[in-house]
Amino acid sequence: MIKTIWFLMIFVGIIYAVFTGNLEEINNIILREAGEGVTFAISLIGIMSFWLGMMNIAEKSGLIKSIAKGFRPIIRILFPEVPKNHPAERWILMNFIANMFGVGNGATAFGLKAMKELDSLNSNKKRATNAMAMFLIINMSSLQLVPLTVIKLRYDYGSKDPTGIIGPTILATTMSTIVAIIIGKIFEGGSRC
C-alpha cells in the first residue's frame, strides 16, 4: 500500500511539473537532494558506530545484564508473558537503551532480535502476542534521554545550542511513552475478555 502511495505522490508531482513548466526544477531538486541524502547518511555513520560499539561493550562487559536486573521489575510488569531470564528480556532492554540515547536506527537490530525472541513464545503465529504488541508500542513511542541524531543534525546545521533539545525531548517522549503504555495495557486487558 505504501509503495502505491509513494508512486502516486511522485507521479502526480512529475505530471504537475510538466504542466506548470517546472520539470527542470524537479531534475535539479532530485540531483541536489540525492547528494544531500548520501552526505547525511555518511555523517551519521560515526555517531551510530560509536553508540553501537558502546552497546556491544556494555553487553560483553556484563553491564547490560546488571542493568537488566535493575529493570527486571519493570520488564515483569510490562511483559508478564515473557519468562524470567528469557533472551527476549536482554534484547528488549538493549533496544530500549539504544532508543533512550537517541540511536533509533542502531536500536533496530536489537528490536528485530527482541521481536524474534518474543515470537518464539508465540503459539499462534498469525497473531501478535500482548508482549509483542507492548514492545512495539513502547518502541514506537521511543523514550529518549539524549536524542543524539537530532543533536548531530542541529550541530551540523549550525545551531548555537545543539543540546537545547534535551529537556523538551525528555518531557515529550516520557509523556508519549506513559500514554502508550496505558493505552497498550487497556487494550491488552480487553483482549483477555
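The values are calculated or read from the model by the stated rules, or taken from the named source; none is laboratory data. Bear in mind that the values here come from a model prediction, so they are computed numbers and not experimental data. Glycine gets a Cβ as well: all are built from the backbone with ideal geometry, and neighbour counts include every protein chain shown.
Miscellaneous remarks
- Conditions (1) out of contact with any Phe, Trp or Tyr (no Cβ under 7 Å at 6 or more places or on another chain); (2) free of Cβ contacts under 8 Å to residues at least 12 places away in the same chain; number of the one not met by residue 162: (1)
- On the stretch given as the stretch 119-154, residues that are surrounded by 13 or more Cβ atoms within 10 Å (Cβ to Cβ) and not hydrophobic (A, V, I, L, M, F, W, C) total 12.
- Any hit, the stretch 128-135, residues being of a type in the set (Phe, Trp, Tyr) and over 15 Å from residue 177 (Cα atoms): no
For (1) over 21 Å from residue 184 (Cα atoms); (2) of a type in the set (A, V, I, L, M); (3) in contact with a Gly (Cβ under 9 Å, 6 or more places away or on another chain), each residue gets a yes or a no:
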position	(1), (2), (3)
79	no, no, no
87	yes, no, no
130	no, no, yes
142	no, no, yes
148	yes, yes, yes
155	yes, no, no
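- A count restricted to the stretch 51-75 and to residues that are aromatic (Phe, Trp, Tyr), at pLDDT 80 or above and either over 15 Å from residue 96 (Cα atoms) or under 18 Å from the mean Cα position of the chain (by Cα) (or both) stands at 0.
- Residues satisfying the stated conditions in the stretch 163-193, i.e. outside any helix (DSSP H, G or I) and either at pLDDT 85 or above or at positive phi (or both): none
- Pairing residues of the stretch 32-44 that are under 15 Å from residue 151 (Cα atoms) with residues that are at pLDDT 80 or above and among the aliphatic types (A, V, I, L, M), at Cβ distances under 9 Å and at least 6 apart in sequence or on separate chains, gives 40/153; 43/153; 44/153.
- Among the residues of the stretch 131-162, the ones that are more than 21 Å from residue 42 (Cα to Cα) and part of a helix (DSSP H, G or I) come to 11 in all.
- Selection within the stretch 46-102 - β-branched (Val, Ile, Thr) and surrounded by 14 or more Cβ atoms within 10 Å (Cβ to Cβ): 47, 64, 67, 75, 82, 92, 97
- Whichever residue in the stretch 97-141 is among the charged types (D, E, K, R) and over 15 Å from the mean Cα position of the chain (by Cα) and, among such residues, is nearest to residue 66 (Cα to Cα): 117
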